[in-house]
Amino acid sequence: MYLENGNHNQSLVYGLAALAANNWYNRFMINHHSTRSPLRVKYKIALSTLLIAATVISLVLEKLHTRVNGSESYSNLVFNLGLAWIPFASAVLAYISARNRFTFFLIMPICTLVWMVFFPNAPYLLTDFQHLAFTEGSAPLWFDVIVLIWFAWTGLLLGITSLYLMQEIISKTFNPIIGWFFAIGATVLSSIGIYLGRFLRWNSWDLLYDPIPIAKDMVALVRNPISNLPTYVFTILFTLLFLFIYMTIHLFSGMIQEREHKN
């Protein structure tokens, strides 16, 4: 009798979970079709083209800097920019997979996990400006600044675009308020991840292969807030910086959509 009740309750839970998931998918599809337009598709294609062009220009500048400077001092920027493309590609794949019921439940959760792990790599490029304190070689300082700006700006745009796509998925699946909670939470976690990567030298894949040492570092930061005050200051300031930039671009996007609806 106990086993029968247990199986019945388990079936009921699975049924409710499936019903809720199906409801989320239906809400996403309704909201997706209600906001879709050829003009918005054009914007997305144009934005993707600009991101690719910015990446190409950044890579060309790095090669020129290597030839002028006589050393590959900024070769790490190429690797970091490659990592910044991972969350963008994951967000695009998640957005596309959300249009189909099968991929919505199978592929999108995997893409979301990959996005969350690698998202800090996009705004991480902003912290590469610290290399200006160690510039050497024959390249002029202004050239170093230009190279770093191109890489940092491209990484920032990749991060902003990927977060926008993920927020749009959450907003259409649930509601805009939850979407904004998701965006803010992801930004805070990203800032923490940037600190762990820049100053404690952890990588995104360490979170997948060996998360225990990272968890220990996080516990130490929480247990000793006074001695780790710079960590909290960095996290707060970087979060505010990214959110201000993100919300500004988000507002411009809203203005474009409002003008589109009026026309």
Any hit, the range 113-133, residues being more than 23 Å from Ile192 (Cβ to Cβ), crowded, with 19+ Cβ neighbours inside 10 Å and acidic (Asp, Glu) | no
May I ask you to verify whether Tyr232 is aromatic (Phe, Trp, Tyr) and at pLDDT 85 or above?
-> yes
Just one of (1) surrounded by fewer than 11 Cβ atoms within 10 Å (Cβ to Cβ); (2) in a helix (DSSP H, G or I) trips up Leu243, so point out which.
-> (1)
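Here is a list: Phe134, Phe118, Phe129, Phe104. Which entry is closer than 25 Å to Ala186 by Cα, of a type in the set (Phe, Trp, Tyr) and free of Cβ contacts under 8 Å to residues at least 24 places away in the same chain? Let's see the steps before the verdict.
On the way: Phe134 fails: closer than 25 Å to Ala186 by Cα; Phe118 fails: free of Cβ contacts under 8 Å to residues at least 24 places away in the same chain; Phe104 fails: free of Cβ contacts under 8 Å to residues at least 24 places away in the same chain.
Selected residue: Phe129, the only one of Phe134, Phe118, Phe129, Phe104 that is closer than 25 Å to Ala186 by Cα, of a type in the set (Phe, Trp, Tyr) and free of Cβ contacts under 8 Å to residues at least 24 places away in the same chain.
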Residue by residue through the range 222-248, note down the ones that are under 20 Å from Val117 (Cα atoms) and out of contact with any Gly (no Cβ under 8 Å at 6 or more places or on another chain).
-> Thr231, Phe234, Thr235, Ile236, Phe238, Thr239, Leu243, Tyr246
State yes or no: is Ile160 within 27 Å of Arg99 (Cα to Cα) and touching a residue at least 12 places away in the same chain (Cβ under 8 Å)?
-> yes
Pick out the one residue from Leu148, Leu50, Leu157, Leu77 that is within 25 Å of Leu200 (Cβ to Cβ) and out of contact with any His (no Cβ under 8 Å at 6 or more places or on another chain).
-> Leu77
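The values are calculated or read from the model by the stated rules, or taken from the named source; none is laboratory data. Please read all numbers here as calculations on a predicted model, not as lab measurements. A quick note on method: Cβ atoms are made from the backbone with ideal geometry, for glycine too, and the neighbour counts reach across all protein chains shown.
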